[in-house]
Every structure is written in structure tokens, then in C-alpha cells.
Amino acid sequence: MTTLTRTGRGPAVRPVKLDAFRATPLTRVALGFAIFLSIFPIYWMIIIATRSNEDAHSMPPPLLPGGNLGENVKAVFEAENAHFMTGIVNSLIIATTVTLAVVIISALAGFAFASLRFRGRNVLLLSIVLTMMVPLQQMGIVPLYQMMVTLGWTNTLKAVILPFLVNGFGVFMMTQYTQQAVPRELVEAARVDGASTLRIWFNVALPAVRPGMAVLAIQTFMLIWNEFMWPLIVLTPDNPTVQVALRALNDRYSTNYVLIFAGTTVSIIPLLLVFVFFGRQIIGGLMEGAVKA
């Protein structure tokens with residue numbers, strides 16, 4: 001199937017084969033196989049969460065849900081060594097606080113780097129990019145822990161929140177997004193009208209970069225929600241985050257897969273809710289950035 005388009009009295013435009021945009025059977029098979037590989041581990045985790053621990057070791061593995069989900073989830077919350085409810089509450093507080101801080105700081109810094117001119121701008125932006133190439137958390141974990149001990153913040157949520165309040169990737173991402181979404185002429189026009197820098201950001205730049213901020217918010221929330229090493233070091237076992245609480249569900253001499261999978265199933269519910277409520281905006285932001293690029 002082809003189409004022809006004419007412009008005025010000029011010659012016909014080159015035919016476009018619409019069939020070229022249809023997926024081939026091999027493409028469909030490859031996509032289906034990729035989807036299966038992505039979904040099956042999560043599906044099997046939920047299946048084991050509804051069964052007994054013996055079913056987790058059976059061969060072939062069970063593929064249909066059982067009837068023990070309620071009992072397993074109850075056992076997760078009643079596990080004395082895990083403090084699972086405390087972990088969920090702590091993770092919600094930490095992830096929400098860090099996400100708000102990262103998004104706001106990154107949006108402000110991105111607007112400054114993209115729309116303002118000041119001495120040392122390129123050097124500062126290059127420094128931020130270089131921080132993305134170095135694993136600062138792993139390299140600086142000892143002095144960072146010493147800092148928390150000096151401040152007296154060990155076993156407090158502040159110790160987990162502070163190191164993640166600024167994100168180099170977020171600043172770089174919002175800089176690139178602001179350069180594409182906010183025309184310089186619009187900023188200059190607002191400046192001529194007498195608007196302050198903060199007012200220009202709030203009234204001119206912010207509405208244009210909201211899709212990018214939504215994408216950054218989801219990425220940051222997922223990153224902090226899944227953070228494990230630093231909370232394990234700085235928090236005590238009775239005041240964990242959700243990932244540390246999942247680790248505590250392990251028995252000392254054996255692995256209780258049912259409890260671990262049931263706890264993991266509960267722990268991913270906040271992430272699923274975020275994607276359900278903001279998925280359309282996330283996809284729209286990604287597609288808008290791709291089109292503008």
C-alpha cells in the first residue's frame with residue numbers, strides 16, 4: 001500500500017510504503033520473548049508469595065497461585081527481626097523527601113545553566129558531569145560515615161536523606177531539557193518586561209519543563225526506594241528501610257523464599273502505584289524529549 005502527496009501544481013512526492021512501518025512476524029516474536037523474560041520473574045515471585053516454602057524448591061516450579069498470600073504477608077509484618085512496617089514508613093519518608101529536593105534543586109540549577117550567563121558556568125557544569133563518572137558513594141563511604149558520627153546523626157533518617165539531596169544526573173538532565181523546552185527569546189522577553197529571575201523560572205520555565213521533572217521524580221524515587229548499602233551501614237536493625245528489612249527476613253541458617261518474595265511483593269506496591277498514576281505523564285515526557293531532540 002502506497003500514498004502520493006501533491007503540493008500545489010508541483011510533481012507528486014515520492015511514494016511512501018505504509019507497509020514498511022508494520023512489524024514483521026520475527027519482530028513480534030522477538031518482542032513477545034523479551035516481554036516474557038521481563039515479566040516472568042515478577043510473576044513467579046508473586047506465585048511463590050502465595051504458596052508454601054516447599055513449593056519454592058519443587059521441580060517443576062509451580063505456575064499457578066496458591067492460597068497462602070494472606071498468611072505469608074501477615075508473617076512478614078509479624079517477623080520480629082525485620083521491622084517491616086517501620087522499613088516501609090522510613091522508605092516512604094526518605095524517598096519522598098529526597099525526590100522533592102532533587103527535582104526542585106535540579107530544575108532550578110538546570111534553568112540557571114541553560115538560560116543564564118555567568119562566569120564559570122561551563123566549568124561548573126563540567127564538574128557536575130564529572131561527578132557522574134565517579135562512584136562517590138562507594139569511594140566516600142568512610143568519611144561520610146565519620147561525618148554522620150560527628151554530627152550525631154547515626155540511626156536517624158537525616159543520615160540517609162542528606163547524601164542524596166543533590167543529584168548530578170538530575171542537574172545535567174534538567175539542563176538539557178530546559179535548553180530544548182524553554183526558548184531563550186522567551187526568557188529575554190520576560191526579562192524586558194521586568195520579571196525577576198525567580199519569577200521567570202516559576203511562570204515561564206516551570207510549565208515547560210514539568211514533563212522532564214516528572215521523569216526525574218520517578219527515576220529518583222525508584223533509586224532511593226531501592227537503596228540498600230548506605231541505609232544498612234548508617235541505620236540500626238530496629239530502624240531499617242524496606243530493602244534492609246527484606247534482608248532481615250532471611251533465616252540465619254536457611255533462606256525463607258516465601259517470606260522474602262511476599263515482602264518483595266508488598267514492597268513494590270508503592271512503585272506500581274506511582275507508575276499507574278503518573279505513567280502517562282512519564283511516557284509523554286520521554287516522548288516529548290525525544291521529539292525535541
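The values are calculated or read from the model by the stated rules, or taken from the named source; none is laboratory data. Quick caveat, the model's predicted, so the values are computed rather than measured. Methodologically, a virtual Cβ is constructed for each residue, glycine included, from the backbone with ideal geometry; neighbour enumeration extends over all protein chains shown. The accessibility values were calculated without ligands, DNA or RNA, using every heavy atom of the protein model including side chains. Shrake-Rupley method; radii C 1.70, N 1.55, O 1.52, S 1.80 Å.
Filter the stretch 114-124 for residues that are surrounded by fewer than 18 Cβ atoms within 10 Å (Cβ to Cβ) and among the hydrophobic types (A, V, I, L, M, F, W, C) and give the result. I'd like the intermediate steps shown before the answer.
Kept after step one, since they are surrounded by fewer than 18 Cβ atoms within 10 Å (Cβ to Cβ), are these residues of the stretch 114-124: 116-124.
Within the stretch 114-124, L116, F118, V123, L124 meet the criteria.
Here is a list: L151, L124, L157. Which entry is under 30 Å from A195 (Cα atoms) and either basic (K, R) or assigned by TED's automatic domain parsing to the domain that holds M229 (or both)? Steps first, please.
Numbers: L151 fails: under 30 Å from A195 (Cα atoms); L157 fails: under 30 Å from A195 (Cα atoms).
Just one listed residue meets the conditions, L124.
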Subject >> Selection within the stretch 159-174 - modelled with pLDDT of 90 or more and surrounded by 21 or more Cβ atoms within 10 Å (Cβ to Cβ) >> reply: A159, V160, G170, V171, M174
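Within the stretch 105-113, is even one residue assigned to a helix (DSSP H, G or I) and loosely packed, with under 15 Cβ neighbours inside 10 Å?
Here is the first cut: in the stretch 105-113, the residues assigned to a helix (DSSP H, G or I) are 105-113.
In the following step, the residues that additionally are loosely packed, with under 15 Cβ neighbours inside 10 Å were identified as none.
The answer is no; no qualifying residue exists.
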**OP:** Starting from the stretch 164-193, keep only residues that are within 14 Å of T131 (Cβ to Cβ), then list their pairs with residues that are open to solvent by 20 Å² or more (accessible area, probe 1.4 Å) and not in a helix (DSSP H, G or I) whose Cβ atoms are within a distance under 6 Å, requiring at least 6 positions of separation or different chains.
**Re:** G168/M132; F169/M132
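Restricting attention to the stretch 78-99, report how many residues are part of a helix (DSSP H, G or I) and free of Cβ contacts under 8 Å to residues at least 40 places away in the same chain. Spell out the reasoning first.
Residues of the stretch 78-99 that are part of a helix (DSSP H, G or I), as a first pass: 78, 84-99.
Subset that is free of Cβ contacts under 8 Å to residues at least 40 places away in the same chain: 78, 85, 89.
Residues meeting the conditions: 3.
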**OP:** Examine the stretch 135-158 for a residue that is over 30 Å from V242 (Cβ atoms) and either part of a helix (DSSP H, G or I) or among the aromatic types (F, W, Y) (or both), and state whether such a residue exists.
**Re:** no
Original post:
Here are some conditions: (1) buried (at least 16 other Cβ atoms within 10 Å of the Cβ); (2) not in a helix (DSSP H, G or I). N250 meets all but one. Which one does it not meet?
Top reply: (1)
**OP:** Within the stretch 187-240, count every residue that is more than 29 Å from Q137 (Cβ to Cβ), aromatic (F, W, Y) and surrounded by fewer than 20 Cβ atoms within 10 Å (Cβ to Cβ).
**Re:** 1
**OP:** Answer yes if at least one residue in the stretch 61-77 is in a loop (DSSP other than H, G, I, E, B) and either among the hydroxyl-bearing types (S, T, Y) or closer than 30 Å to L235 by Cβ (or both), and no otherwise.
**Re:** no
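Over 22 Å from F221 (Cα atoms) and either modelled with pLDDT under 90 or open to solvent by less than 40 Å² (accessible area, probe 1.4 Å) (or both): does that describe I88? Before the answer, list the steps.
Working: over 22 Å from F221 (Cα atoms): no; either modelled with pLDDT under 90 or open to solvent by less than 40 Å² (accessible area, probe 1.4 Å) (or both): yes.
It is false that I88 is over 22 Å from F221 (Cα atoms) and either modelled with pLDDT under 90 or open to solvent by less than 40 Å² (accessible area, probe 1.4 Å) (or both).
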**OP:** Scan the stretch 13-56 residue by residue and report those that are under 30 Å from L259 (Cβ atoms), at pLDDT below 80 and touching a helix residue (DSSP H, G or I) at 6+ places or on another chain (Cβ under 8 Å).
**Re:** N53, D55, A56
